[in-house]
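Undergrad: Can you read through this structure? Questions will come right after.
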């Protein structure tokens, strides 16, 4: 009888792309992929460890899996599994733990998935994670997340990612083009390029042999895909060449997500970031000069050790004055084996929460202002199979979420619309035009 396997993914889009690829490996071996609640024979839980909360979620998911299917095989992979394999092996109900170098060999290492008295641990030192594994998601027919880079050579004082994923390494442009062309044969209309440090693309076997700008230019010639989006790119790696390319590109959309982390140069230095805030300003100004309608998202961390009220105020004012579109706000949490965890001047949790709330409110204001600036403009929307109360949703090229009356013909279609107003939920209402959409 065909064994049933279910997957659960915590964390980033990179994890989702890898889970999707691993699930296809199972299906190729004759396993049946099912929903988490469909009493699977095997559970694969792909973990994150960016925050303490992500670790707690892993424990909760294991308990839930056991309650759904008490005799099932439970395997844990992902960043948390690499960082703390022994800790995970002691969670009641876990059958196997696989590290970064082993997770793509899951079917081979655990073939048969027979439960044993002791938890099996396959977790090499992170130096063994030196191979690049091509990954992309296909759960959503509208878009896919395509991994082009993995690992990180940076040493930010708050981050465990280099310990969890290893050194920076990349696929080749030739392989990525091959994968993009395979994706183009499906219903997918948009590809989101993702990685741990996407802009650091080009390192193979420890040597830089290609560049992200050249990758983007090559992908711009792919036929059968309507949009490419860059998921996140460090400000020090976002060059004028890349910005100018996106401004004139056929397929790359005007949307950048650029991690900042702090608007205080003092805190940026303590974080061991590779830029100061002045560089960040110059990147935003360059983008807005060439693409005034471009959407710019920002990552920011509050409550980093040593962040005084004045430092936070400096960050708040910096972001308030910056011409950006939205924020992703993270509350700092201590991570073992990082420099920041050993720093003095810990910020009390109530202050971290207050600062987070202030920046979430600022983000809402920034997003609304950006939406208001776009009212009356013509945009191209890729409609999704996301229907609620008779309404459907989609995103413009510059990442404005729109709402329209449900029409099954519009699902996974690009349509030119006029942005008309913002509803009570903060979504953009639209009016369809008769203009033809150029489909590449």
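The values are calculated or read from the model by the stated rules, or taken from the named source; none is laboratory data. Nothing here was measured: the structure is a model prediction, and the numbers come from that model. In this analysis, Cβ positions are derived from the backbone assuming ideal geometry, glycine residues included, and neighbour counts consider all displayed protein chains.
Undergrad: Just one of 350, 393 is over 19 Å from residue 260 (Cβ atoms) and in contact with a strand residue (DSSP E or B) (Cβ under 8 Å, 6 or more places away or on another chain); which is it?
TA: It is 393.
Undergrad: Show the residue pairs that are 6+ apart or on different chains and have beta-carbon atoms under 7 Å apart, the first residue being within segment 60-73 and closer than 15 Å to residue 35 by Cα, the second being assigned to a helix (DSSP H, G or I).
TA: Correct list of pairs: 72/65.
Undergrad: Of all residues in segment 247-263, how many are over 18 Å from the mean Cα position of the chain (by Cα) and either farther than 13 Å from residue 220 by Cβ or crowded, with 23+ Cβ neighbours inside 10 Å (or both)?
TA: Matching residues across segment 247-263 total 2.
Undergrad: Can you name every residue in segment 304-341 that is modelled with pLDDT of 95 or more, out of contact with any strand residue (DSSP E or B) (no Cβ under 9 Å at 6 or more places or on another chain), surrounded by fewer than 19 Cβ atoms within 10 Å (Cβ to Cβ) and not in a loop (DSSP other than H, G, I, E, B)?
TA: Across segment 304-341, the qualifying residues are 309, 310, 313, 316, 317, 320, 321.
Undergrad: Quick one: which of 225, 258 is in contact with a helix residue (DSSP H, G or I) (Cβ under 7 Å, 6 or more places away or on another chain), touching a residue at least 60 places away in the same chain (Cβ under 8 Å) and not in a helix (DSSP H, G or I)?
TA: 225
Undergrad: So which residues in segment 355-394 are within 17 Å of residue 424 (Cα to Cα) and in a loop (DSSP other than H, G, I, E, B)?
TA: 375, 389, 390
Undergrad: Now, a different point. Give the residue that is modelled with the lowest pLDDT, with candidates limited to residues of segment 365-393 that are over 26 Å from the mean Cα position of the chain (by Cα) and over 21 Å from residue 297 (Cα atoms).
TA: Only one residue fits best here, namely 389.
Undergrad: Within segment 269-282, which residues are under 20 Å from residue 239 (Cα atoms) and not in a loop (DSSP other than H, G, I, E, B)?
TA: 277, 278, 279, 280, 281, 282
Residue-wise test of (1) modelled with pLDDT of 90 or more; (2) within 25 Å of the chain's Cα centre (by Cα).
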| residue | (1), (2) |
| --- | --- |
| 86 | yes, no |
| 93 | yes, no |
| 97 | yes, yes |
| 101 | yes, yes |
| 104 | yes, yes |
| 111 | no, no |
| 114 | yes, no |
| 132 | yes, yes |
| 136 | yes, yes |
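Undergrad: Another question about this same structure. Collect the residues in segment 283-303 that are surrounded by 14 or more Cβ atoms within 10 Å (Cβ to Cβ) and outside any strand (DSSP E or B), keeping them in residue-number order.
TA: 283, 284, 286, 287, 288, 290, 291, 293, 294, 303
Undergrad: Could you identify the single residue in 167, 175 that is surrounded by fewer than 22 Cβ atoms within 10 Å (Cβ to Cβ), under 17 Å from residue 102 (Cα atoms) and outside the structural domain of residue 23 (by TED's automatic domain parsing)?
TA: Result: 167 is the single residue among 167, 175 that is surrounded by fewer than 22 Cβ atoms within 10 Å (Cβ to Cβ), under 17 Å from residue 102 (Cα atoms) and outside the structural domain of residue 23 (by TED's automatic domain parsing).
Undergrad: For segment 261-279, state whether one or more residues are modelled with pLDDT of 95 or more and closer than 29 Å to residue 377 by Cβ.
TA: Within segment 261-279, none of the residues are modelled with pLDDT of 95 or more and closer than 29 Å to residue 377 by Cβ.
Undergrad: Moving to a separate point now. May I ask you to list the residues in segment 102-114 that are in contact with a strand residue (DSSP E or B) (Cβ under 7 Å, 6 or more places away or on another chain) and assigned to a loop (DSSP other than H, G, I, E, B)?
TA: Hits for segment 102-114 are 102, 110, 113.
Undergrad: What is the number of the single condition among (1) surrounded by fewer than 16 Cβ atoms within 10 Å (Cβ to Cβ); (2) assigned to a helix (DSSP H, G or I) that residue 117 does not meet?
TA: Unmet condition: (2).
Undergrad: Would you mind stating whether residue 81 is within 24 Å of residue 136 (Cβ to Cβ), in contact (Cβ under 8 Å) with a residue 40 or more places away in the chain and outside the structural domain of residue 151 (by TED's automatic domain parsing)?
TA: So residue 81 passes the test.
Undergrad: Before we move on, is residue 205 on the phi < 0 side of the Ramachandran plot and either surrounded by fewer than 16 Cβ atoms within 10 Å (Cβ to Cβ) or outside the structural domain of residue 22 (by TED's automatic domain parsing) (or both)?
TA: So residue 205 does not fit the description; no.
Undergrad: Exactly one condition in (1) free of Cβ contacts under 8 Å to residues at least 40 places away in the same chain; (2) not in a loop (DSSP other than H, G, I, E, B) is false for residue 94; which is it?
TA: Only one criterion is unmet by residue 94, namely (2).
Undergrad: Has segment 55-63 got at least one residue that is surrounded by fewer than 16 Cβ atoms within 10 Å (Cβ to Cβ) and farther than 23 Å from residue 116 by Cα?
TA: Within segment 55-63 (the criterion being surrounded by fewer than 16 Cβ atoms within 10 Å (Cβ to Cβ) and farther than 23 Å from residue 116 by Cα), the answer is yes, since at least one residue qualifies.
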